[in-house]
Amino acid sequence: MGKIKIKIVVVALMAALITLMSQATLAYYQAVGKATNVVTSGNIQFIIHETTDQGKEFPKEGVYIVPGDIVSKKVSIESDCEHPFYLRVKMVYGVDSQELPSKDCFKLNIDEENWLLHDGWYYYTGIVNPGETTPNVFSHVEIVGSKVDNSYIGKTLTLTVKAQAVQSENNPINDGNTYTASGWPKEIAE
């Protein structure tokens, strides 16, 4: 019995030594291959514009609606930086601070010529250059009468536009699809 215990201990010691030696070798190669590169890059900044048909800013306090109303709300994004970028937007719908599927209350007239739906986001099909403003993502919102019934009286319906951008310089895309660009942020639950 004593010999078996000694063999197990020797095998365990040999495994520990091999592990230590391989770690030392691994650390050596990591140290040799490591380099420090300093890269300075610019910011990407944009402004989301929400206006009415009359060219006025969409009211921050919202508007009163009844089922079937069509509300003028033009949404576009303006570059506010010196670098071109790819852009995507997402609409988040809600009622009294709870998220809703879009089909429940709102119908948007999305500009499908300039905006492509992919994985829940609308990707602008071009590059937004410095100082440029995109075409409207949509220009009006229809309150779906068959979905907004008396249970919505006194409630607040919300439509939030979220936007994200990634640099287009040195960031190639496949088949002209801007959603294939590198660097899109992962979605985080809020």
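Points to keep in mind about this one:
To keep it simple, each residue is scored yes or no on (1) closer than 30 Å to Asn170 by Cβ; (2) in contact with a helix residue (DSSP H, G or I) (Cβ under 7 Å, 6 or more places away or on another chain); (3) not basic (Lys, Arg).
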{"position": "Pro59", "(1), (2), (3)": "no, no, yes"}
{"position": "Ile70", "(1), (2), (3)": "no, no, yes"}
{"position": "Lys73", "(1), (2), (3)": "no, no, no"}
{"position": "Ser76", "(1), (2), (3)": "yes, no, yes"}
{"position": "Tyr93", "(1), (2), (3)": "no, yes, yes"}
{"position": "Asp96", "(1), (2), (3)": "no, no, yes"}
{"position": "Asn114", "(1), (2), (3)": "yes, no, yes"}
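- Hey, Ser139 over 26 Å from Lys186 (Cα atoms) and crowded, with 16+ Cβ neighbours inside 10 Å or not: yes
- Residue within the range 143-157 that is farther than 21 Å from Leu87 by Cα, touching a Pro at 6+ places or on another chain (Cβ under 8 Å) and either in a strand (DSSP E or B) or not assigned by TED's automatic domain parsing to the domain that holds Gly62 (or both) present: yes
- Of the residues Val71, Val89, the single one that is assigned by TED's automatic domain parsing to the domain that holds Asn171, within 21 Å of Asn177 (Cβ to Cβ) and assigned to a strand (DSSP E or B) is Val89.
The values are calculated or read from the model by the stated rules, or taken from the named source; none is laboratory data. It should be emphasised that the depicted structure is a prediction, and the values quoted were computed from it without experimental measurement. Don't worry about glycine lacking a Cβ; one is built from the backbone with ideal geometry, like all the others, and counts go over all protein chains shown.
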